[in-house]
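Trainee: Please read through the structure below; I'll follow up with questions.
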Amino acid sequence: GCELTASTKSYTFQVDEEDDADHILALSVVCLTDGAKDECNVVEVVGRNHENQEIAVPVANLKLSCQPLLSLDNFKLQPPVTFRLAAGSGPVHL
């Protein structure tokens, strides 16, 4: 897992380029952790489209008072994949 905060706003999961095996990242839960403020924390998945342009898709909008946790039921992604804290200060654990 990883943690996104105000000081560490993004994390990239990647595998060794020399590894010929197919890898899949299964994201199960996104949650706020100790020290989170009651503010909207938006987590995006950043990738590239068919024209190699960067695209960002929000996958979670967490707020301590109403939705501190989101279960994604093994949302599958192919590495490399970057997670970015687009709004809020976290900490958000993935």
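The values are calculated or read from the model by the stated rules, or taken from the named source; none is laboratory data. All values reported here derive from a predicted model rather than from experimental measurement. Cβ atoms come from the backbone with ideal geometry, glycine included; neighbour counts cover every protein chain shown. Keep in mind that these areas ignore ligands, DNA and RNA; they rest on the heavy atoms of the full protein, side chains included. Shrake-Rupley method; radii C 1.70, N 1.55, O 1.52, S 1.80 Å.
Trainee: Can you give the log10 of the normalised intensity I(q)/I(0) at q = 0.11, 0.13, 0.19, 0.20 Å⁻¹, computed with Debye over equal Cα scatterers of segment 3-93?
Mentor: The Cα Debye sum returns log10 ratios of -0.33, -0.45, -0.88, -0.95.
Trainee: Further question on the same structure: Hey, what do the phi angles of segment 78-94 turn into as Karplus ³J(HN,Hα) couplings, whole Hz, using 6.51/-1.76/1.60 and θ = phi - 60°, x for Gly and Pro?
Mentor: The phi angles translate into 9, x, x, 9, 10, 9, 9, 7, 7, 8, x, 10, x, x, 10, 9, 10 Hz.
Trainee: Share of segment 2-78's accessible area from carbon and sulfur, percent, 1.4 Å?
Mentor: Details: 2540 of 5410 Å².
Carbon-and-sulfur percentage of accessible area, whole number: 47.
Trainee: Using the Cβ atoms and a cut-off under 15 Å, what net charge is assigned to the surroundings of Leu27, where Lys and Arg are +1 and Asp and Glu are -1? Walk me through the intermediate numbers first.
Mentor: Details: positive: Lys76, Arg84; negative: Glu3, Glu44, Asp73.
Counting the neighbours of Leu27, the net charge comes to -1.
Trainee: Right, another one. Restricting to Cα pairs below 8 Å that are 6+ residues apart, what does the relative contact order work out to for the chain? Please round to a whole percent. Spell out each step's value before the answer.
Mentor: On the way: 202 pairs, mean separation 46.1, N = 94.
In percent, rounded to a whole number, it is 49.
Trainee: Around Gly88, which amide H atoms from residues at least 5 apart in sequence, or from another chain, sit under 5 Å from its own amide H, with H modelled in the peptide plane?
Mentor: Answer set, sorted by chain and number: Val42.
Trainee: To continue, here is another question. How much length is gained on full extension from Ala21 to Ser89, taking 0.36 nm per residue of separation minus their Cα-Cα distance? Walk me through the numbers before you get to the answer.
Mentor: On the way: separation 68, 0.36 × 68 = 24.48 nm, distance 3.57 nm.
That pair, Ala21 and Ser89, stretches by 20.9 nm at full extension.
Trainee: With a sphere of radius 15 Å drawn around the Cβ of Ile55, what net charge do the other residues whose Cβ falls strictly inside it have (Lys, Arg +1; Asp, Glu -1)? Numbers along the way, then the final one.
Mentor: Details: positive: Arg48, Arg84; negative: Glu44, Glu51, Glu54.
Around Ile55, the charge tally is -1.
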